[in-house]
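A.B. asks: Let me begin by handing over the structure; questions about it come next.
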Amino acid sequence: MPSEMSFRADDGPDENDLPVTRPAWPVTALSAAAQGGLLWVLVAGVLAWRPGPRRRAAGRGLVAGAAGMAFGHGVKAVVRRPRPAAQNLPAHRALLEQPKSSAFPSTHATTAAAFTVAVALTAPATGAALAPLAAAVCYSRLRTRAHWPTDVYGGVAIGAVVGGLVHRRFKRGSTPGR
């Protein structure tokens, strides 16, 4: 299993202060697991295991994640921002699947933020527990050079808004005692 290698002076950090060496295997594995929202479907399955607020949070998170992903892909179709030129960097070559779509926004980040915000607004302690996982997904997209930092920041902002809107819609549409 490849690990985070220390980099030589000529390998130094890039303009975003991230190393250009191959990332540790958990970083690339997390990025791959979050592809297409699969990670969040698995998390929702764990949350929904037992009835109660976590099950409700899981449902809202899935709806928000799907809406965030769809909205993110729509924005990508309009913006058409090129991805970082990193094809020759070990950090980028570590990705299992080389992304070809537009860079802005990062749909990994959009989906992670939408899911996590919707869960956090429904079950705050659960959302707080998921926040580091969402942050790690966002970091994985930077560390593997799949995105510019602003792609990830924009994805988080869009996802947070979508997650809040989905939660608000469900809350307004629910009846007491449900």
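The values are calculated or read from the model by the stated rules, or taken from the named source; none is laboratory data. Note that the structure is a prediction, hence the values are computed from the model and not measured. Neighbour counts are summed over all protein chains in view; Cβ atoms, including those assigned to glycine, are modelled from backbone coordinates with ideal geometry. These accessible areas exclude ligands, DNA and RNA; they are computed on the full protein's heavy atoms, side chains included. Shrake-Rupley method; radii C 1.70, N 1.55, O 1.52, S 1.80 Å.
A.B. asks: Confirm whether VAL41 is touching a Gly at 6+ places or on another chain (Cβ under 9 Å), open to solvent by less than 70 Å² (accessible area, probe 1.4 Å) and either at pLDDT 85 or above or not in a helix (DSSP H, G or I) (or both).
C.D. replies: no
A.B. asks: If you don't mind, there's one more thing I want to ask. Would you please name the residue that is most open to solvent (accessible area, probe 1.4 Å), looking only at residues in the range 139-148 that are within 20 Å of LYS100 (Cβ to Cβ) and in a helix (DSSP H, G or I)?
C.D. replies: The residue in question is LEU142.
A.B. asks: Restricting to the range 44-67, name every residue that is charged (D, E, K, R) and open to solvent by less than 30 Å² (accessible area, probe 1.4 Å).
C.D. replies: ARG60
A.B. asks: Turning to a different aspect of this structure: Please state which one of ALA109, ALA114, ALA67 is in contact with a His (Cβ under 9 Å, 6 or more places away or on another chain) and at pLDDT 90 or above.
C.D. replies: ALA109
A.B. asks: Here is a further query. Go through (1) over 13 Å from PHE104 (Cα atoms); (2) over 15 Å from the mean Cα position of the chain (by Cα) for GLY74 and report which single condition fails.
C.D. replies: (1)
A.B. asks: Please state which one of PRO176, PRO99 is surrounded by 17 or more Cβ atoms within 10 Å (Cβ to Cβ) and either at pLDDT below 90 or farther than 16 Å from ALA57 by Cβ (or both).
C.D. replies: PRO99
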